[in-house]
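The values are calculated or read from the model by the stated rules, or taken from the named source; none is laboratory data. Just so you know, these numbers come straight off a predicted model, no measurement behind them. Cβ atoms come from the backbone with ideal geometry, glycine included; neighbour counts cover every protein chain shown.
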Amino acid sequence: MIPILPETAWREFRSAPKVRGQNQTIHQALIIDASGQEHKCFVKASPAHYPMPLAEGLAWLALDALGLPRPKFAALLILPIHKLRACMPMDQHWSGIQHALAFCSSTVEGKHITSAWQWLARVRAAKAFTREDIAKIAAFDMWVENQDRHAANFIRDKAGTYVPIDNELILYTLLWVSMGFGYEHRSLKAQAQALLKPAGYAKFEVSMMLASKDHHPAFLKVSPALQQLVQTLVRDPIRATQTTTAILQFLGQRAQPDWLANELGLIT
């Protein structure tokens, strides 16, 4: 289970990203867990009722159940927005807000495969997309309906392993479309198809299909933790039960052994 930490766990602001995206709260900070251990983390908050913390938490649990790489530490955090505002500029959406629920995960030491030089980014991507790691991440994304996976949100760590990060747009139809959000669909599958030659892409799809065989056992393993997380974050009991049922039905159907193969048009 992912811990929920009090605002006192946010101990020290470290840095803000040079290029700031839509979420103006993203930063690095020193986080202290319940045992007193320090973690250098990326932290991001969301306004009340936004599904980001729930989505990130669910993704972190599901990655663990699959045995896929993920940041070693993650937590939900009551972020003191008033203290963060003193450390970095924030837009008007956060005016008057003192606290917000945030998701934090330990920093992955490594490099993105993206680069300012397009030829270098292409070389890195060509190498990455021949690895089963990336096909497994692509299969995971289809299982959990991740709307936004691209080369900038996984990292090659020092051991050469590709670690997915920024998973907030999972369960896209259930959590985001239902709230009126709309995002362009980006996926590793589409990127692989654009990057690889036909034989390489066919191999990539087969690797995705083989990886999907692990989804149903992972679903059974992670279901109790998913249910507990939803019940913790969704305070209204009726809505919590409805949300839990919808998520488990959605993931359970897509975890069936032949679901991904049928989506890819492959014969098992």
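Residues in segment 112-152 that are among the polar types (S, T, N, Q) and either crowded, with 19+ Cβ neighbours inside 10 Å or more than 20 Å from the chain's Cα centre (by Cα) (or both): SER115, GLN118, THR130, ASN146, GLN147.
If you check LEU210, LEU188, LEU169 for being surrounded by 14 or more Cβ atoms within 10 Å (Cβ to Cβ), modelled with pLDDT under 95 and not assigned by TED's automatic domain parsing to the domain that holds THR25, only one passes: LEU188.
Taking segment 1-57 as the range and being modelled with pLDDT under 95 and touching a Lys or Arg at 6+ places or on another chain (Cβ under 6 Å) as the test, the residues that pass are ASN23, THR25, ILE26. Looking across segment 170-195, just one residue is of a type in the set (S, T, N, Q) and over 24 Å from TRP60 (Cβ atoms), and that is GLN193.
Do we find a residue being of a type outside the set (S, T, N, Q), surrounded by 12 or more Cβ atoms within 10 Å (Cβ to Cβ) and over 27 Å from ALA152 (Cα atoms) anywhere in segment 39-62?
Keep residues of segment 39-62 that are of a type outside the set (S, T, N, Q), which gives 39-45, 47-62.
Restricting the remaining residues to those that are surrounded by 12 or more Cβ atoms within 10 Å (Cβ to Cβ) gives 39-45, 47, 50-62.
Checking the rest, the ones that are also over 27 Å from ALA152 (Cα atoms) come to none.
The answer is no, given that none of the residues of segment 39-62 is of a type outside the set (S, T, N, Q), surrounded by 12 or more Cβ atoms within 10 Å (Cβ to Cβ) and over 27 Å from ALA152 (Cα atoms).
Taking segment 65-111 as the region of interest, how many residues are among the small types (Gly, Ala, Ser) and either surrounded by fewer than 15 Cβ atoms within 10 Å (Cβ to Cβ) or over 16 Å from the mean Cα position of the chain (by Cα) (or both)? Let's see the steps before the verdict.
Going residue by residue through segment 65-111, those that are among the small types (Gly, Ala, Ser) are 65, 67, 74-75, 86, 95-96, 100, 102, 105-106, 110.
From what is left, the residues that are either surrounded by fewer than 15 Cβ atoms within 10 Å (Cβ to Cβ) or over 16 Å from the mean Cα position of the chain (by Cα) (or both) are 67, 86, 95-96, 100, 110.
Counting residues in segment 65-111 that are among the small types (Gly, Ala, Ser) and either surrounded by fewer than 15 Cβ atoms within 10 Å (Cβ to Cβ) or over 16 Å from the mean Cα position of the chain (by Cα) (or both) gives 6.
Out of the residues in segment 98-137 that are in contact with a Ser or Thr (Cβ under 7 Å, 6 or more places away or on another chain) and assigned to a helix (DSSP H, G or I), which is modelled with the lowest pLDDT? This residue is ALA121.
Of all residues in segment 17-41, those that are over 20 Å from LYS83 (Cα atoms) and among the aliphatic types (A, V, I, L, M) have Cβ atoms under 8 Å from Cβ atoms of residues that are modelled with pLDDT of 95 or more and assigned to a strand (DSSP E or B), 6 or more apart or on another chain, in ALA34/LEU5.
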